[in-house]
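The values are calculated or read from the model by the stated rules, or taken from the named source; none is laboratory data. Just so it is clear, the structure is predicted and the values come from calculations on it, not from any experiment. Methodologically, a virtual Cβ is constructed for each residue, glycine included, from the backbone with ideal geometry; neighbour enumeration extends over all protein chains shown.
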Amino acid sequence: MNTTCTVCGHDLWHTEQGHQACGACIRRLDRMLQDLAGPHGLYAQLATVLQPGTLADNARVSGSRTAPLPIRLEPLSLSSRGGVVTILQTWLVDIHDHLGYRHPRWQGGLQGQLDQAVSRLRILLPWAAENHPAIAELFAEVRQAVGQCRAQISGEPPAKRVTVVCTLCDATMRITLDTPGQRCQCGTQYGWAELRQLNLADRAAA
C-alpha cells in the first residue's frame, strides 16, 4: 500500500493511504488543466502568437539573416493535432481503458476537443488519484504542456533542466526547479526537497 505520493514524494495523509497521489498534487493538476481550457485559456492564446513579430517572438533575439517563416512552428506544433490536444486525449482514453469505459467520441474542432478532454479528465481526477499507476506521468506531461504554452505566449524560455544522480543506483534523472518529485528507475522516490539535495551529474562524474 502506498504511503507516499508518487508525484511529489511526500507522505500521504491518513485518509489518503493507498492512493497514488496526494490531494495537493491533484489540486495542482486540476488547476493546470483549467489553465489550458476555455476561450481565454493557454491553448486558445497560442493562436495569438502564430505570426512572426508577435510579443513572444520579439522577446527573442536572433542573429539569423534569413527571412522569417510565415508562421511560427513552436506554437503551431503545440496547437495542432499531435500536440496538447492529443496528449490530453491519449490520457483520457487510457483512463477510460482502466475503467472499462468506451472510448470518448471527440466533437467539434481542436479547441472544443481540448475543452472536452479537460472537462472529462477533471471529473476523473479523484479516481486517478486513488488508482492510476501512472498519475505521476500524467502530472508531468500536463505540467510540461502548460510550461511550453506559457513559454510560447510570454516569450520566456522554459525552465532550465538539469541532470541529477540517484544516490542508490547512480542512474541520472532530468529535473527542473519546479519538479515536485520524481521516481528513479530503481524505484527510489524523491520528493521536492530530496531532489534538490542530489548531486549534479557532471559533479558526480568529476
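Before moving on, here are some points about what is shown:
- Criterion: in contact with a Pro (Cβ under 8 Å, 6 or more places away or on another chain) and not hydroxyl-bearing (Ser, Thr, Tyr) - qualifying residue of Leu110, Leu99, Leu92, Leu121: Leu92
Residue-by-condition table, conditions (1) at pLDDT below 90; (2) over 18 Å from Leu121 (Cβ atoms); (3) not in a helix (DSSP H, G or I):
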| site | (1), (2), (3) |
| --- | --- |
| Cys8 | yes, yes, yes |
| Arg28 | no, no, no |
| Leu46 | no, yes, no |
| Val61 | yes, yes, yes |
| Leu76 | no, yes, no |
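- Residue check for Ser119: in the same structural domain as Leu46 (by TED's automatic domain parsing), under 23 Å from Gly147 (Cβ atoms), of a type outside the set (Phe, Trp, Tyr) and without any contact (Cβ under 8 Å) to a residue 12 or more places away in the chain: no
- When Cys166 is tested against the conditions (1) closer than 27 Å to Gln45 by Cα; (2) not assigned by TED's automatic domain parsing to the domain that holds Met32, the lone failure is (1).
- Complete set of residues in the range 163-189 that are among the polar types (S, T, N, Q), part of a strand (DSSP E or B) and under 23 Å from Gln148 (Cβ atoms): Thr163, Thr172, Gln182
- In the range 195-205, the condition of being surrounded by 17 or more Cβ atoms within 10 Å (Cβ to Cβ) and under 22 Å from Gly23 (Cβ atoms) is met by at least one residue.
- Residue check for Leu138: over 18 Å from the mean Cα position of the chain (by Cα), surrounded by 15 or more Cβ atoms within 10 Å (Cβ to Cβ) and touching a residue at least 12 places away in the same chain (Cβ under 8 Å): no
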